[in-house]
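All remarks here apply to the structure that follows.
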Amino acid sequence: MEEIGIVIVGGGIAGLATSIALHRKGIKSVVLERAEKVRSEGAGIGTLSNGWRALDQLGVGDRLRLNSSLIHKARTMLIENGKKREFVSNIVDEARCIKRNDLVEALSDALPKGTIRFGSHIVSIEQDKTTLFPVVHLANGNSIKAKVLIGCDGANSIVSDYLQLNPKKAFACRAVRGFTKYPNGHGFPQEVLRIKQGNVLIGRLPLTDNQVFWFLVHMQDNNHNGKDQESIANLCRKWADDLSEDWKEMVKICNVESLTLTHLRYRAPSEIMLGKFRRGTVTVAGDAMHVMGPFLAQGGSAALEDAVVLARCLARKVGPDQETC
Ligand SMILES: Cc1cc2nc3c(=O)[nH]c(=O)nc-3n(C[C@H](O)[C@H](O)[C@H](O)COP(=O)(O)OP(=O)(O)OC[C@H]3O[C@@H](n4cnc5c(N)ncnc54)[C@H](O)[C@@H]3O)c2cc1C
């Protein structure tokens with residue numbers, strides 16, 4: 001059986017960032033990702049100052065700043081029974097929206113070649129009876145023994161099941177995210193704009209002068225599974241039907257391929273405070289640990305912070321001079 005020092009399950013934001021953070025401390029790791037290439041669902045991602053600090057620590061902040069513009073304000077409108085209430089706050093710290101694919105590409109480019117093993121789907125984990133180290137079993141029949149196993153495998157984490165964490169809770173709502181291009185420029189101010197009207201919450205963040213990232217949440221229409229891109233697009237058009245013309249237009253002319261439909265889940269803060277997130281040399285990070293609703297735009301930034309902090313802690317135990325891989 002192959003033996004590896006540090007195995008990270010999942011090559012999303014948390015997994016790639018953790019591997020880079022370790023690499024920058026001189027510690028090798030291997031990322032096992034079930035997909036066949038680097039990819040990230042969800043179109044764009046709002047990234048706040050804690051996320052940018054972590055990206056700078058990982059050495060990829062400046063590359064990402066090149067393709068994302070600063071956001072200066074957050075505006076929220078509540079429209080109920082024809083009445084509109086508006087709340088505006090200035091954003092003094094760094095806030096930008098980035099394309100998710102730009103983010104995961106920048107992270108994967110910062111890793112030494114061969115760190116990510118694509119097509120590696122972990123199907124089960126057990127503890128080696130003699131050494132007590134974790135053994136991961138892959139869908140292709142191979143097994144790997146790890147000295148340290150870090151689960152960065154997202155909201156449906158198999159590693160969090162191994163740690164016997166409680167299942168995540170579901171919000172009674174679904175969200176769609178996507179991009180819309182405006183060939184002649186969108187002309188919107190550099191602000192996050194969110195509107196809550198009836199059962200719909202819609203928001204928009206400018207990415208560049210001619211492209212916006214948007215999300216659309218329906219608080220009650222919870223039964224749709226979005227079997228294909230066109231059906232997700234039709235669902236969005238239905239949800240946006242009562243909104244003003246500019247929002248309807250944004251949804252109508254969106255890039256259908258960019259759309260993703262997500263059933264929102266969360267781990268309750270009390271569980272995060274009281275939960276046991278380590279068993280022997282196995283732990284979790286990112287959504288596998290603390291999946292949360294998108295309402296604070298913090299899941300991705302928190303995953304990046306996890307990576308920096310986890311590598312700092314591991315480096316104290318497993319210095320670069322020690323044989324880990
Ligand atoms: C609607 C919505 C909007 C959001 N908006 C924002 C925002 O604006 N800002 C923000 O910071 N956050 C936002 N988030 C949260 C953010 O998307 C997540 O917190 C972040 O993507 C978590 O990254 P992760 O790497 O932990 O998990 P994921 O991105 O889910 O990555 C997990 C990886 O593990 C792989 N994997 C899973 N299981 C296995 C397995 N068994 N074997 C091998 N590989 C496996 C997957 O293929 C995937 O690549 C939003 C979330 C939603 C749903």
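Would you be able to tell me the number of residues in region 181-218 that are in contact (Cβ under 8 Å) with a residue 24 or more places away in the chain and open to solvent by 60 Å² or more (accessible area, probe 1.4 Å)? Walk me through it before giving the result.
So in region 181-218, the residues in contact (Cβ under 8 Å) with a residue 24 or more places away in the chain come out as 181-186, 188-198, 200, 202, 204-218.
Next cut, open to solvent by 60 Å² or more (accessible area, probe 1.4 Å) only: 181, 183-184, 189, 194, 196, 209.
So the answer is 7.
Out of (1) under 27 Å from GLY185 (Cα atoms); (2) buried (at least 16 other Cβ atoms within 10 Å of the Cβ); (3) among the β-branched types (Val, Ile, Thr), what's the single condition that is false for VAL291?
Failing condition for VAL291: (1).
Can you tell me which residues in region 259-279 are exposed (fewer than 13 other Cβ atoms within 10 Å of the Cβ) and basic (Lys, Arg)?
Let us first name the residues in region 259-279 that are exposed (fewer than 13 other Cβ atoms within 10 Å of the Cβ), namely 269-270, 273-274, 276, 278.
LYS276, ARG278, listed by residue number.
What pairs come out if I take residues in region 112-134 that are at pLDDT 95 or above and pair them with residues that are among the β-branched types (Val, Ile, Thr) and outside any strand (DSSP E or B) whose C-beta lies under 6 Å away, six or more apart or interchain?
Qualifying pairs under 6 Å: ILE122/ILE158.
Can you pull out every residue in region 285-303 that is in contact with a helix residue (DSSP H, G or I) (Cβ under 6 Å, 6 or more places away or on another chain) and more than 8 Å from the ligand (Cβ to nearest atom)?
HIS290
Across region 258-304, what is the total count of residues that are in contact (Cβ under 8 Å) with a residue 60 or more places away in the chain and closer than 30 Å to SER231 by Cβ? Don't jump to the end; show me each part of the working.
First, the residues of region 258-304 that are in contact (Cβ under 8 Å) with a residue 60 or more places away in the chain: 258-268, 271, 275-289, 291, 293-294, 297-298, 300-304.
When the remaining residues are screened for being closer than 30 Å to SER231 by Cβ, the result is 258-267, 286-288, 291, 293-294, 297-298, 300, 303.
Count: 20.
Yes or no: region 35-54 includes at least one residue that is loosely packed, with under 14 Cβ neighbours inside 10 Å and in contact with a Gly (Cβ under 8 Å, 6 or more places away or on another chain).
yes
Look at region 56-95 and say how many of its residues are open to solvent by less than 30 Å² (accessible area, probe 1.4 Å) and within 16 Å of the ligand (Cβ to nearest atom).
Total satisfying the criteria: 8.
Can you tell me how many residues in region 14-39 are near the ligand (Cβ under 8 Å from one of its atoms), touching a Ser or Thr at 6+ places or on another chain (Cβ under 7 Å) and under 26 Å from ASN255 (Cβ atoms)?
Of the residues in that region, 3 qualify.
Please find, among VAL282, VAL251, VAL318, VAL256, the residue that is more than 16 Å from the ligand (Cβ to nearest atom), open to solvent by less than 50 Å² (accessible area, probe 1.4 Å) and at pLDDT 95 or above.
Details: VAL282 fails: more than 16 Å from the ligand (Cβ to nearest atom); VAL251 fails: more than 16 Å from the ligand (Cβ to nearest atom); VAL318 fails: at pLDDT 95 or above.
After applying the criteria, what remains is VAL256.
Of the conditions (1) out of contact with any strand residue (DSSP E or B) (no Cβ under 9 Å at 6 or more places or on another chain); (2) closer than 30 Å to LYS145 by Cα; (3) part of a helix (DSSP H, G or I), LEU22 satisfies every one except a single condition; which number is it?
It fails just one condition, (1).
Restricting attention to region 96-151, which residues are open to solvent by 60 Å² or more (accessible area, probe 1.4 Å), within 11 Å of the ligand (Cβ to nearest atom) and in contact with a Gly (Cβ under 8 Å, 6 or more places away or on another chain)?
Hit for region 96-151 is PHE118, nothing else.
When only residues in region 152-180 that are in contact (Cβ under 8 Å) with a residue 24 or more places away in the chain and closer than 17 Å to ARG34 by Cα count, which is surrounded by the most Cβ atoms within 10 Å (Cβ to Cβ)?
CYS152
Between GLY10, GLY42, which is within 14 Å of the ligand (Cβ to nearest atom), over 14 Å from ASP109 (Cβ atoms) and modelled with pLDDT under 95?
Values: GLY10 fails: modelled with pLDDT under 95.
Going through GLY10, GLY42 in turn, just one is within 14 Å of the ligand (Cβ to nearest atom), over 14 Å from ASP109 (Cβ atoms) and modelled with pLDDT under 95: GLY42.
Tell me which residues, restricted to region 294-307, are open to solvent by less than 20 Å² (accessible area, probe 1.4 Å) and over 12 Å from the mean Cα position of the chain (by Cα).
Selection gives ALA307 alone.
The values are calculated or read from the model by the stated rules, or taken from the named source; none is laboratory data. Values in this document were obtained by computation on a predicted structure and should not be read as measured data. Ideal geometry is used to build each Cβ from the backbone, glycine not excepted, and the neighbour counts take in all protein chains shown. With ligands, DNA and RNA removed, areas are computed over all heavy atoms of the protein, side chains included. Shrake-Rupley method; radii C 1.70, N 1.55, O 1.52, S 1.80 Å.
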